[in-house]
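Remarks on the structure that follows.
The values are calculated or read from the model by the stated rules, or taken from the named source; none is laboratory data. This one's a predicted model, so the numbers in the text were calculated from it and none came from an experiment. Heads up, the Cβs are rebuilt from the backbone with ideal geometry, glycines too, and the neighbour counts pull from every protein chain shown.
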Amino acid sequence: MAQPCSIGDRDQVVDTMIALTHLSNLHRAIIAGSGAMELYLSLRRRGFVQIATTATCRLPRRQHGIGLLTAGKSLAAIESTLLEVSQFLSANATIAILIESREGEFCLNIRRKLEQMGFRIEAGVRCQRGLVLAAHREGYAQMERAA
């Protein structure tokens, strides 16, 4: 049975994601995953206005520079969330992913998936709810064209 998340835990995750992605009001951010609406509302309360969820954004045109994902505990859920959000992200995007699993092999599989999508993990921070990974990709459009 899942424990409800306290306000402090949620704030810690949001603060960590903001710090790792260097999110500011100048950035367009897309939010995806099982806790997308909760994260969206938390960011709106903090004054971020150029944010959207994959459900509220009309057209995926690779217009967002930052992606914030709360994908859950299974590898399949994280992979599907990554694929869903990738069509909204620009070629030079930064993402932060909340991983709620503590298994080491699980994190290695996520790392491989991120590398396949052109991301390089830059940082990881443990918090009460799990691990927040930050990754960045540069020049992904050139990689897609070359393939």
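Annotations
- Residue match in region 51-68 (condition: on the phi > 0 side of the Ramachandran plot and crowded, with 24+ Cβ neighbours inside 10 Å): no
- Condition check for residue 116 on (1) under 19 Å from residue 26 (Cα atoms); (2) loosely packed, with under 12 Cβ neighbours inside 10 Å: one failure, at (1).
- Failed item, numbered, when residue 92 is tested on (1) surrounded by fewer than 14 Cβ atoms within 10 Å (Cβ to Cβ); (2) out of contact with any Asp or Glu (no Cβ under 8 Å at 6 or more places or on another chain); (3) not basic (Lys, Arg): (2)
- Answer from 90, 101, 86 - the residue that is in contact with a strand residue (DSSP E or B) (Cβ under 6 Å, 6 or more places away or on another chain) and within 23 Å of residue 123 (Cβ to Cβ): 90
- Restricting region 17-54 to residues that are more than 22 Å from residue 126 (Cα to Cα) and in contact with a helix residue (DSSP H, G or I) (Cβ under 7 Å, 6 or more places away or on another chain) leaves a set whose member that is modelled with the lowest pLDDT is 54.
- Elements of the type helices (runs of 4 or more DSSP H) sitting completely within region 32-142 and holding at least 3 residues that are of a type outside the set (Asp, Glu), free of Cβ contacts under 8 Å to residues at least 40 places away in the same chain and within 15 Å of residue 21 (Cβ to Cβ): these cover 36-45.
- Residue-level analysis places residue 85 among those that are β-branched (Val, Ile, Thr) and buried (at least 17 other Cβ atoms within 10 Å of the Cβ).
- Selected residue (criterion: nearest to residue 71 (Cα to Cα)) from residues of region 117-139 that are of a type in the set (Lys, Arg) and in contact with a Lys or Arg (Cβ under 9 Å, 6 or more places away or on another chain): 129
- Candidates 82, 89, filtered to the one that is farther than 23 Å from residue 12 by Cα and in contact with a Lys or Arg (Cβ under 7 Å, 6 or more places away or on another chain): 89
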